[in-house]
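Visitor: Handing you a structure now.
Throughout, read-outs are computed from the coordinates displayed, never taken from laboratory work. All values derive from a computational prediction rather than experimental measurement. Note that each Cβ is placed from the backbone with ideal geometry, even for glycine, and that neighbours are counted across all protein chains shown.
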Amino acid sequence: MRNGCALLAIALLAACADTTIVDPMERQPKARAFAANPFFEDGRAMRQPPPGTVPRERIVQNPALTRGQVGDKDVTEIPVRLTRALLDLGHRKFDIYCATCHGLVGDGRSPVAANMALRLPPDLHDRAGMAVGHYYQVIANGFGLMPGYAAELNVEERWAVVAYLRALQLSQAAPLALAPPQERERLSKEKPR
């Protein structure tokens, strides 16, 4: 009986042998970046990217734009042209990525925040004095329990969210007299939070 079990175990192990017809991806033929390659006229495997190729997060001459900092100081002015389209883009992206925790008006009140036991998301209006570069850094790299969104938001979209956040901060502290007449009437009927 023992010999039969051992024979059965050996047969089962043999049945599990690698029967791959094509080599797996790890063993595929490929050219390493700095290797020689006779296929190309210049003998190099590494090729120049096609014209117009943009690296995902290239370091350009303007770190204020791509990092939100110059040296180790956060920028204080948004380095992109502020337009209605940029604010609309920021509004859309804020609603998708930020409002789930920070709330639609950035006050830290949301259904997700209500269930956060460790630490509530901050009220972004309490932090209105922070430099815009700080917000850009937090959006890109995360802060505390908040993940970074560099993979989800490109440079322009991050600045759009920062611009929208600034507009939100200004709107929440603005006097009612600055609102258009039709909005003023509607807002005066609302109960304050």
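Visitor: List the residues whose amide H sits under 5 Å from the amide H of GLY142, counting only those 5 or more places along or on another chain, with H placed 1.01 Å from N in the peptide plane.
Guide: GLY148, TYR149
Visitor: Among the helices of the chain (complete DSSP H runs), which have Cα atoms covering no less than 24 Å along the helix axis and a Kyte-Doolittle mean of at least -1.0? Working shown, then result.
Guide: Working: long enough: 155-173 (28 Å, 0.27).
Correct list, ordered by number: 155-173.
Visitor: Which FRET efficiency, nearest 0.05, do ARG127 and GLU183 yield, Cβ-Cβ r, R0 25 Å? Intermediate results must be reported in sequence, preceding the final value.
Guide: Details: r = 26 Å, r/R0 = 1.03.
Given R0 = 25 Å and the Cβ-Cβ separation, E is 0.45.
Visitor: Moving on. At 10 °C and a viscosity of 1.306 mPa s, what translational diffusion coefficient does Stokes-Einstein give for region 110-193, taking Rh as the Kirkwood radius over Cα pairs? Give it in µm²/s as a whole number. Intermediate results must be reported in sequence, preceding the final value.
Guide: Details: Rh = 15.0 Å.
Translational D for this selection: 106 µm²/s.
Visitor: Hey, got the Cα dimensions of region 57-145 along the principal axes, in Å, largest first?
Guide: Reported extents, whole Å, longest axis first: 43, 30, 25.
Visitor: On full extension of the chain, what length is gained from MET146 through GLN69, given 0.36 nm per residue of separation minus the C-alpha to C-alpha distance? Walk me through the intermediate numbers first.
Guide: Details: separation 77, 0.36 × 77 = 27.72 nm, distance 2.00 nm.
So the extension gain works out to 25.7 nm.
Visitor: Regarding the chain, what is the average projected area of its C-alpha convex hull, in nm²?
Guide: Working: hull surface 94.6 nm².
Averaged projected hull area, Cα only: 23.7 nm².
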